[in-house]
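J.: Sharing a structure here in structure tokens format.
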Number of protein chains: 4
Amino acid sequence: MGLLHDIAHLGHVELFTPELEHSLWFFTEVLGLTENGHDGDTVYLRTWDDYEHHSLTLTGHHTSGLRRTYLRAASPESLDRRVKAIGAAGRGIGWIDGEPGIGPTYLCTDPDGHEYGLYWETEWYEPPENLRPSLKNQAQAYPARGVCVRRLDHVNFLAAETAPNGEFVSDLLGGRVTEQIQLDSGRISAQWLHFAQKSYDLVYTNDWTGSTGRLHHIAFATDTREDILRAADICLDRGVHIETGPHKHAIQQTFFLYVYEPGGNRIELCNPVARLVFAPDWKIITWTEAERAKGQAWGLKTIETFHTHGTPPVPNNSG
Amino acid sequence: MGLLHDIAHLGHVELFTPELEHSLWFFTEVLGLTENGHDGDTVYLRTWDDYEHHSLTLTGHHTSGLRRTYLRAASPESLDRRVKAIGAAGRGIGWIDGEPGIGPTYLCTDPDGHEYGLYWETEWYEPPENLRPSLKNQAQAYPARGVCVRRLDHVNFLAAETAPNGEFVSDLLGGRVTEQIQLDSGRISAQWLHFAQKSYDLVYTNDWTGSTGRLHHIAFATDTREDILRAADICLDRGVHIETGPHKHAIQQTFFLYVYEPGGNRIELCNPVARLVFAPDWKIITWTEAERAKGQAWGLKTIETFHTHGTPPVPNNSG
Amino acid sequence: MGLLHDIAHLGHVELFTPELEHSLWFFTEVLGLTENGHDGDTVYLRTWDDYEHHSLTLTGHHTSGLRRTYLRAASPESLDRRVKAIGAAGRGIGWIDGEPGIGPTYLCTDPDGHEYGLYWETEWYEPPENLRPSLKNQAQAYPARGVCVRRLDHVNFLAAETAPNGEFVSDLLGGRVTEQIQLDSGRISAQWLHFAQKSYDLVYTNDWTGSTGRLHHIAFATDTREDILRAADICLDRGVHIETGPHKHAIQQTFFLYVYEPGGNRIELCNPVARLVFAPDWKIITWTEAERAKGQAWGLKTIETFHTHGTPPVPNNSG
Amino acid sequence: MGLLHDIAHLGHVELFTPELEHSLWFFTEVLGLTENGHDGDTVYLRTWDDYEHHSLTLTGHHTSGLRRTYLRAASPESLDRRVKAIGAAGRGIGWIDGEPGIGPTYLCTDPDGHEYGLYWETEWYEPPENLRPSLKNQAQAYPARGVCVRRLDHVNFLAAETAPNGEFVSDLLGGRVTEQIQLDSGRISAQWLHFAQKSYDLVYTNDWTGSTGRLHHIAFATDTREDILRAADICLDRGVHIETGPHKHAIQQTFFLYVYEPGGNRIELCNPVARLVFAPDWKIITWTEAERAKGQAWGLKTIETFHTHGTPPVPNNSG
């Protein structure tokens, strides 16, 4: 019935890495995140503009991949409404205590098996003295170290089949598709969904291996395109594998750079260049195979590994 | 109850100018807007990223100032709900036929007398051949002329008293205050309000003359801060009066440039640098007199004319 | 003996085009050059930061390619010295009257047959009223139309053999090699030469067809990398063929975009990002085949057409 | 006789600070310089694009100010020629052993008493493993810490009288005035001089106190204007005093930010935005008092402390 946003925004994700120490170096020294506590093999990391406790949970594991995606509800009532709807649809798992700074969390899965955690209660971040910003409308002082990403921007899931997962987000979480790719066969091969004015928060892409529950990438937003260009220099000098970019996506027009963090997960650094989607009746943009064959916005061919590397790796998958 | 956004976004504004021809030159040649029809002394102008018919209505008049601010509802039901609430509060005027491309419009006023027009129906823009963009998710080809502003970003009203107008937007339009200034006396002297993730869409500032219904400025957003810096060069070479900037506001952290269009209205060119407000329970940032005395973010003193120039001019007002 | 710069800088080039009208549209509307006179099938065009009469001579012709490259001497004595040295080396052609705004010009050829014109006298540009800049240290008002390139930056010649031409520039024009590519066979396949602090002004690259006198590209510099990114958007919307980029060259670290103007000549838009070469005893950077195989700075593979497209086209050459 | 550049470029400067530890923090953590050795109360610091051993010598002292400015000659013959000329003019002091990495250095003074050191021999920087860049045409890996200035750009001296010092640089060092300020009285109050294509390397400004040998500021160049904007954020969060900017100078059109390092010396962060001066017969741009009264390029008034703060401080001088 319109714009009832029960999900306010993407909260954070928990990422698995088989190389905890190196991954931690990447997120703190290369991307410029700040550690905000740890617990055994789990480290909590935050971007400087996040008002919550952390933006990324990094956990040492025998493999790479995405453990869980957290979404913050818009109100207690919104959370309650989503929990009931998800439960009714048979996708609920149940409640757990939240991570540090996060209140009670309701777990559920999308049809492809990716785990989501929904919560309302959250502890607003209070920076220690040395990280206090000068401007009171900012969560934390600008780190001035590495790329200095501003926020976790979106998650791009791999799924055996995109459409049912897009419906899950639309029907049970209140998201809306803004753009998608439709193959000549009629099959939807990717969908971009958003909750409010950001043009996308969650993306589903068909997994070429037919596997379920995997990750294509998570993305962090920078303030400017110059930050992305500089990030490429930093990754080059630090020996971080650059997969493709910087360039501009035709879809969503995002300026991007893709790299692999040392644990093998693909990380996008992205800048939206002020683009927002305001129309409450936005007409879904559908890209055809022929249009996709043109490559990215300015003509860069989509790199082959974009269709072969996902995490965790699976047999017969180069990733 | 959370985030029920009945107002989707700022639609456009109608601006009065006593120098129609010169103002038209400013908006098309300096800012890079595109004309999309005219009717007598009224010209319809659009920014390149606007999905609607126009972003600015420019009307020749004996004076400067803001005639009306248009807001698009999130759905027919949303519009109906707002109309009922506004009518019940005694702030309604009634329905009129919309401007070109805009459906039936419900007029009302805020307590200070600024006129709003609310509507749901809108005609999606179809560019003519020579303005067709290459990417199908873009409304119009990039004009590559002048500053090339992306969108109308916000309206900053002057009001005899800020607080009642902020309440009007909060209570009757569903906006939320994100930041405000509170004088030592306790009086609120300015409020920034938003509808969704953009950190502000409407601003009220106390009018030093005690007049009602006046305008401080309207603002257009650019894609980058570089665009703002370049805009300053363009304005300099074109003889457009630069009032202050480029610099960064402490409040909202917007990167800004203020100029006067030839009709006398103050125009802000702004860039949000990727900042969005996501928290559904955002805690209002309140700035004190002492904090305001520090000037803008990097120390620039707030220019005197910021407190003396408004439109239309009034007696004993230098503006 | 050090830094006796008899050649002050690259003046301008004369380019041939079989599509004069379309090429003129490209240089004025897409790149933002300003016409400064014409004569039959020849049009004189200038970038906004050029102190001379023009930066590019565009001449309708039955084919594409470079007709001549102009270099300004550092003084009358410098010109005299160069003319004597060139004449003694048997590379001189003789004197001609200069183009509009340019004094007597001495013609000569490099070993590959590219024609150079050397001159000292030049008429300082006086802008008409409507192009007068606000700042007196600037040649012309910023055009605010299209890409708005600042200056002609360099010329990249194709040559049957690079080395003799590099020696010509070094020995007879006083240039110095800053970087080069050396194949495993020991053959030099490309050299970048400069006259002063700009890191290169002239480039020679081996012509894969063995032809002589051809052009790889001419390059215009923009003020910022953002201008290059925006140029890609503009070219996309205007239907200008983007060959490759934006990306960063490993060699010279130039940020680049390559497009074809409608006449078929390759045009580079480049930004040096503040890089200058100061060392009077700069040690030539030599890149090996293995290093070149890595592609551009951030990993972009060098596009195939970079080795097949030159102007004018020759038989068995896709260009 | 034209462009015989006996001085190739500004080498580095030695700066005094009464707060060595805090100044060191500023240059390394805020500006992003790298320490390259120390000796007692002297620390050698380098910007990442410097091919020499260091770009700044920082020495603890009882006061602030500039100890010495180093210039690299273009060749041994150039150095010899300059030494002879300076000696003949009675401005020579004599030879000393050079600083680490720097060969025999000839000391002399300008008429105002600022000390210069001229040298030819220099040790090319070899980065340790952890600072090795990926691209072989770069001196050192990009530090990705703080502002990351690229190079020492220029020195702005205070002098009791500008003109004799400008003549010293022109006549004895081979510099050329590119721009200057001339008061209504005819007195020259400031001159900008360069050695080659950079539009200025040394600046003299009249000292309002009539003192001699003092410093107005030293300047470091960044790659982009975005770096300058970011630098302002970093200085704000780190508690570094921002004096004025970011803004654009009318003179030389440099984009600037002025801050005070903890020892009290004024530091400019500047970006030339691709501007170079190529004309061998550049006509000096002379700014009048009336033109100067307009303030900086986009209208910012020149800050009062620009005419009261110099180092070291002197009696009756607020600096």
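The values are calculated or read from the model by the stated rules, or taken from the named source; none is laboratory data. In this text, all values refer to a predicted model and were calculated from it rather than measured experimentally. Every residue, glycine as well, gets a Cβ built from its backbone with ideal geometry; the counts of neighbours run over all protein chains shown. Note: accessible area is taken over every heavy atom of the protein model, side chains too, but ligands, DNA and RNA are not part of it. Shrake-Rupley method; radii C 1.70, N 1.55, O 1.52, S 1.80 Å.
J.: Could you grab me the full set of residues in region D:294-307 that are open to solvent by less than 70 Å² (accessible area, probe 1.4 Å), free of Cβ contacts under 8 Å to residues at least 60 places away in the same chain and more than 10 Å from every other protein chain (Cβ to nearest Cβ)? Spell out the reasoning first.
T.: So the first thing to find is which residues in region D:294-307 are open to solvent by less than 70 Å² (accessible area, probe 1.4 Å), and the list is D:295-300, D:302-303, D:305-306.
Adding the requirement that they be free of Cβ contacts under 8 Å to residues at least 60 places away in the same chain leaves D:295-300, D:302.
Once the filter is applied, which keeps residues that are open to solvent by less than 70 Å² (accessible area, probe 1.4 Å), free of Cβ contacts under 8 Å to residues at least 60 places away in the same chain and more than 10 Å from every other protein chain (Cβ to nearest Cβ), region D:294-307 yields D:G295, D:Q296, D:T302.
J.: While we're on this one: Within region D:197-207, restricting attention to residues that are part of a strand (DSSP E or B) and open to solvent by 10 Å² or more (accessible area, probe 1.4 Å), which residue is nearest to the other protein chains (Cβ to nearest Cβ)? Lay out the reasoning, then the answer.
T.: Initial filter on region D:197-207 (part of a strand (DSSP E or B)): D:202-206.
Within this subset, residues satisfying the condition of being open to solvent by 10 Å² or more (accessible area, probe 1.4 Å) are D:205-206.
On the way: D:T205: 17, D:N206: 21 Å.
Only one residue tops the list, namely D:T205.
J.: Report whether or not D:G90 is modelled with pLDDT of 95 or more, farther than 29 Å from D:L131 by Cα and in contact with a Ser or Thr (Cβ under 6 Å, 6 or more places away or on another chain). Give the derivation first.
T.: Working: modelled with pLDDT of 95 or more: yes; farther than 29 Å from D:L131 by Cα: yes; in contact with a Ser or Thr (Cβ under 6 Å, 6 or more places away or on another chain): no.
Considered against the rule, which asks whether it is modelled with pLDDT of 95 or more, farther than 29 Å from D:L131 by Cα and in contact with a Ser or Thr (Cβ under 6 Å, 6 or more places away or on another chain), D:G90 comes out as no.
J.: Could you count how many residues in region B:274-284 are among the β-branched types (V, I, T) and open to solvent by 10 Å² or more (accessible area, probe 1.4 Å)?
T.: Start the filter on region B:274-284 by keeping residues that are among the β-branched types (V, I, T), which leaves B:277, B:284.
Then drop every residue that is not open to solvent by 10 Å² or more (accessible area, probe 1.4 Å), which leaves B:284.
The number of residues fulfilling the criteria is 1.
J.: Enumerate the pairs (first residue in region D:192-203 and touching a residue at least 60 places away in the same chain (Cβ under 8 Å); second residue anywhere and among the hydroxyl-bearing types (S, T, Y) and outside any strand (DSSP E or B)) with beta-carbon separation below 9 Å, excluding pairs fewer than 6 apart on the same chain, so at least 6 apart or on different chains.
T.: Taking only residues 6 or more apart or on different chains, the pairs are D:W192/D:S199; D:W192/D:Y200; D:H194/D:Y200; D:S199/D:T254.
Okay, residues lined up against (1) among the β-branched types (V, I, T); (2) more than 25 Å from C:E115 (Cβ to Cβ):
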site: C:T212; (1), (2): yes, no
site: C:D223; (1), (2): no, yes
site: C:I234; (1), (2): yes, yes
site: C:D237; (1), (2): no, yes
site: C:E243; (1), (2): no, yes
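J.: What strands (runs of 3 or more DSSP E) lie completely within region D:12-120 and have 1 or more residues being buried (at least 16 other Cβ atoms within 10 Å of the Cβ) and among the β-branched types (V, I, T)?
T.: On the way: elements: D:34-39, D:42-46, D:56-60, D:65-73, D:92-96, D:105-109, D:115-119.
So the answer is D:34-39, D:42-46, D:56-60, D:65-73, D:105-109.
J.: What number of residues within region B:121-139 are open to solvent by less than 40 Å² (accessible area, probe 1.4 Å) and assigned to a loop (DSSP other than H, G, I, E, B)?
T.: The number of residues fulfilling the criteria is 7.
J.: Against the condition among the aliphatic types (A, V, I, L, M), in contact (Cβ under 8 Å) with a residue 40 or more places away in the chain and in contact with a Phe, Trp or Tyr (Cβ under 7 Å, 6 or more places away or on another chain), how does C:L236 come out, does it pass? Explain how you work it out, then say what you get.
T.: Details: among the aliphatic types (A, V, I, L, M): yes; in contact (Cβ under 8 Å) with a residue 40 or more places away in the chain: no; in contact with a Phe, Trp or Tyr (Cβ under 7 Å, 6 or more places away or on another chain): yes.
No.
J.: Can you work out which of the residues in region C:239-262 that are in contact (Cβ under 8 Å) with a residue 40 or more places away in the chain, open to solvent by 10 Å² or more (accessible area, probe 1.4 Å) and assigned to a loop (DSSP other than H, G, I, E, B) is nearest to D:E77 (Cα to Cα)?
T.: Only one residue fits best here, namely C:H249.
J.: Consider A:R145 against the criteria (1) open to solvent by 30 Å² or more (accessible area, probe 1.4 Å); (2) within 30 Å of D:I234 (Cβ to Cβ); (3) free of Cβ contacts under 8 Å to residues at least 40 places away in the same chain: it satisfies all of them except one. Which criterion is unmet?
T.: (3) is the only condition that A:R145 fails.
J.: Could you tell me how many of the residues in region C:1-60 are among the polar types (S, T, N, Q) and within 14 Å of chain D (Cβ to nearest Cβ)? Write out each step before concluding.
T.: Start the filter on region C:1-60 by keeping residues that are among the polar types (S, T, N, Q), which leaves C:17, C:23, C:28, C:34, C:36, C:42, C:47, C:55, C:57, C:59.
Next, from what is left, pick out any that are within 14 Å of chain D (Cβ to nearest Cβ): C:47, C:55.
Final tally of qualifying residues: 2.
J.: Here is a further query. Give the residue that is farthest from the other protein chains (Cβ to nearest Cβ), with candidates limited to residues of region C:263-278 that are assigned to a loop (DSSP other than H, G, I, E, B) and touching a His at 6+ places or on another chain (Cβ under 8 Å). Please lay out each step first, then the result.
T.: Going residue by residue through region C:263-278, those that are assigned to a loop (DSSP other than H, G, I, E, B) are C:263-265, C:272-278.
Within this subset, residues satisfying the condition of being touching a His at 6+ places or on another chain (Cβ under 8 Å) are C:263, C:265, C:277-278.
On the way: C:G263: 20, C:N265: 19, C:V277: 9, C:F278: 4 Å.
Going through the qualifying residues, I end up with C:G263.
J.: Being within 11 Å of C:E14 (Cα to Cα) and of a type in the set (A, V, I, L, M) is the filter here; which residues of region C:45-101 pass it?
T.: C:L45, C:L56, C:L58, C:L66
Results for (1) within 24 Å of B:S55 (Cβ to Cβ); (2) buried (at least 22 other Cβ atoms within 10 Å of the Cβ); (3) within 11 Å of chain A (Cβ to nearest Cβ), shown as yes or no for each residue.
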{"residue": "B:T178", "(1), (2), (3)": "yes, yes, yes"}
{"residue": "B:R187", "(1), (2), (3)": "no, no, no"}
{"residue": "B:F195", "(1), (2), (3)": "yes, yes, yes"}
{"residue": "B:T209", "(1), (2), (3)": "no, no, no"}
{"residue": "B:T212", "(1), (2), (3)": "no, no, no"}
{"residue": "B:I218", "(1), (2), (3)": "yes, yes, no"}
{"residue": "B:A221", "(1), (2), (3)": "yes, yes, yes"}
{"residue": "B:I228", "(1), (2), (3)": "yes, yes, no"}
{"residue": "B:A232", "(1), (2), (3)": "yes, yes, no"}
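J.: For region A:82-107, how many residues are over 30 Å from A:E126 (Cα atoms) and in contact (Cβ under 8 Å) with a residue 60 or more places away in the chain?
T.: Adding up the residues that qualify gives 4.
J.: I've got another one for you. Could you go through region B:151-167 and let me know if any residue there is in a loop (DSSP other than H, G, I, E, B), open to solvent by less than 40 Å² (accessible area, probe 1.4 Å) and facing another protein chain (nearest Cβ under 9 Å).
T.: Quick first cut of region B:151-167, residues in a loop (DSSP other than H, G, I, E, B) only: B:160-161.
Now restrict to residues that are open to solvent by less than 40 Å² (accessible area, probe 1.4 Å): B:160.
Still in the running and facing another protein chain (nearest Cβ under 9 Å): none.
Scanning region B:151-167, I find no residue that is in a loop (DSSP other than H, G, I, E, B), open to solvent by less than 40 Å² (accessible area, probe 1.4 Å) and facing another protein chain (nearest Cβ under 9 Å), so the answer is no.
J.: Can you give me the number of residues within region C:147-186 that are out of contact with any Ser or Thr (no Cβ under 8 Å at 6 or more places or on another chain) and charged (D, E, K, R)? Outline the logic, then answer.
T.: Just the residues of region C:147-186 that are out of contact with any Ser or Thr (no Cβ under 8 Å at 6 or more places or on another chain), to begin with: C:153-154, C:161, C:163-175, C:185-186.
Narrowing the set further to residues that are charged (D, E, K, R) leaves C:153, C:161, C:167, C:171.
Qualifying residue count, region C:147-186: 4.
J.: When both residues are 6+ apart or on different chains and their Cβ atoms are under 6 Å apart, which pairs have a first residue that lies in region D:1-24 and is over 20 Å from D:G310 (Cα atoms), and a second that is modelled with pLDDT under 95 and in a strand (DSSP E or B)?
T.: Hits for this filter: D:L4/C:L4.
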